[in-house]
1. List, in order, the whole-Hz ³J(HN,Hα) value for each residue of segment 75-82 obtained from phi through the Karplus relation with A = 6.51, B = -1.76, C = 1.60 and θ = phi - 60°; use x for Gly and Pro.
2. Hey, could you grab the Kirkwood Rh for segment 36-117? Inverse mean 1/r over distinct alpha carbon pairs, Å, one decimal.
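No lab work stands behind these numbers, since they all come straight from the coordinates. What you see is a predicted model; the values in this text were computed from it and never measured.
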Amino acid sequence: MPAGFNIRGRIWAINQCDDDSSGGSMITGTVIHENVLARMQGKPAEMILQQQGFETLKTFGMMIAPVTLVETIDEGDEWETTFPPNYYSEGKRYKILHVLPADFPPTDPRNYALLILTRSHQAHDIQ
């Protein structure tokens with residue numbers, strides 16, 4: 001693992017299926033990337049919004065490598081941590097809000113992409 005990257009995970013492309021017989025639809029997904037190297041850390045909420053009483057999203061910043069992955073990652077896809085097994089977010093999913101490639105060319109070893117994530121909750125988690 002390159003220095004600073006301490007987790008691995010997978011990226012899911014999220015799809016909305018047609019309605020079922022009871023009128024609801026199940027959210028499904030397809031794994032588009034496996035064993036992606038990453039580093040994730042929490043981002044503080046905007047204090048000015050909290051002082052005014054607004055609810056704010058808990059967001060996380062993530063660096064991933066290689067940057068060529070951003071061509072197939074869209075906003076709304078999800079990240080799932082798979083390694084190490086004792087990591088606090090192992091098995092949990094995070095929705096990707098923004099995808100920001102770095103300024104380096106793809107052949108530069110310092111190249112990485114930034115993702116802004118929020119915790120993903122699904123209505124039918126227990127099914």
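1. The phi angles translate into 4, x, 5, 10, 9, 10, 6, 10 Hz.
2. 14.0
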